[in-house]
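Every number in this text was worked out from the coordinates using simple rules, so none of it is lab data. Keep in mind it's a predicted model, so treat the numbers as computed, not measured. No Cβ is skipped: glycine too gets one built from the backbone with ideal geometry, and neighbour counts run over all protein chains shown.
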Amino acid sequence: MIQFLLNRELRSEQTLDPNTTVLQYLREHRGKTGTKEGCASGDCGACTVVIGELVGDRLRYRTLNSCLTFVCALHGKQLITVEDLKHQGQLHSVQQAMVDCHGSQCGFCTPGFVMSLFALQKNRGDGVQTYDPHQTHEALAGNLCRCTGYRPILEAAEQACCAKQPDQFDAREAETIAQLQRITPRETAELSDGEKRSLSPLTVAELAELYAANPQARLLAGGTDLALEVTQFHRELPVMIHVGQITEMKQVQITDRHIEIG
Ligand code: FES
Ligand code: FES
């Protein structure tokens, strides 16, 4: 079973095709169609969502392409979508900035831009009022517009960053941290629809054991290559072992002679 927060709601999934992407899960299983599919190959950013996760006892936000992320990768995390930003009838400040600056150009790309801006705003330190164009370009580098251009969106980014106000996510931060601590993975998680399955071990030793027992399994890390087999080539992956919960597999070490990944 995997467990995650869909914004505030605790979701537990046990019987689900592990070849389901987060984008399919949102749109087809949860009826949340605000997140869009543009390319389904990680190129356009229309499907951008934000993940909240614990780093130590702090909450960290990052964007990801939901079209390339299998749902098992949500285990122990918070998933925030564009539907979650509006609060008590008020647009979030990043949405309002897009409106004010005429940055809302088409319905496919705008939700993705909004989520990237949301993560950008969230990851700026409290009280930081200066605008950093380089940081903004980095944050929006994965979001493409094919129609109009980026100037209004960059202006919206500047407004959103400079006018950062505490929002509902700040108000609920302690509650969210407590919720995530309660669902922190403590053992290998399995997701299965009876035929296909994904396994998410926590240690290298467990990974080795599972891989020995399932030599046909495909190893899943970020999924930027593997997910294309499902979304572009329409193949099925019968067994996946997700390495994203294993601390050692997420480390990048740079020495004077080489780079060691995982
Ligand atoms: S739909 Fe284009 S990056 Fe996901
Ligand atoms: S905003 Fe969608 S193509 Fe330009």
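For Leu6, the residues 5 or more places off, or on other chains, whose built amide H falls under 5 Å of its own are Arg11, Leu79.
Among bridges DSSP assigns within the chain, what percent are antiparallel (round to 5)?
The antiparallel proportion sits near 75 percent.
Rounded to the nearest 5, the antiparallel percentage of DSSP beta bridges internal to region 188-249 is 40%.
Taking the longest Cα principal axis of the chain as reference, the axis of helix 151-162 is set at about 90 degrees. Pairs of Lys residues in the chain are counted when their Cα atoms are under 22 angstrom apart and they lie 8 or more places apart or on different chains; the count is 11.
According to the Cα-based calculation, Rg over Rh for region 189-261 is 1.03, with Rh computed by the Kirkwood formula.
Values of log10 I(q)/I(0) for region 128-262 across q = 0.12, 0.21, 0.22 Å⁻¹ run -0.85, -1.15, -1.19, by the Debye formula with one identical scatterer at each alpha carbon and no solvent. Each peptide among 16-25, 203-212, 3-12 gets the average number of other Cβ atoms lying within 10 Å of its residues, and from highest to lowest they stand as 16-25, 3-12, 203-212. The GluC sites (Glu not before Pro) found in region 84-187 that occupy coil by DSSP, while having at most 16 further C-beta atoms within 10 Å, are Glu187. Note on region 29-118: the alpha carbon radius of gyration divided by the globular reference 2.2 N^0.38 Å gives 1.10. A cut-off of 5 Å between modelled amide H atoms, ignoring neighbours fewer than 5 places along the same chain, links Val49 with Leu64, Ser66. Volume per residue of the convex hull around the Cα atoms, evaluated for region 2-53, comes out as 97 Å³. Taking the inverse of the mean reciprocal distance over all distinct Cα pairs, the Kirkwood hydrodynamic radius of the chain comes to 19.3 Å. Along each principal axis, taking the top coordinate minus the bottom one, the Cα set of region 155-215 gives 54, 29, 25 Å in descending order. The angle between the Cα long axis of helix 173-182 and the longest principal axis of the Cα atoms of the chain comes to about 10 degrees, rounded to the nearest 10. What angle, in degrees between 0 and 90 and rounded to the nearest 10, separates the Cα long axis of helix 204-213 from the longest principal axis of the Cα atoms of the chain? Tilt relative to the chain: about 50 degrees.
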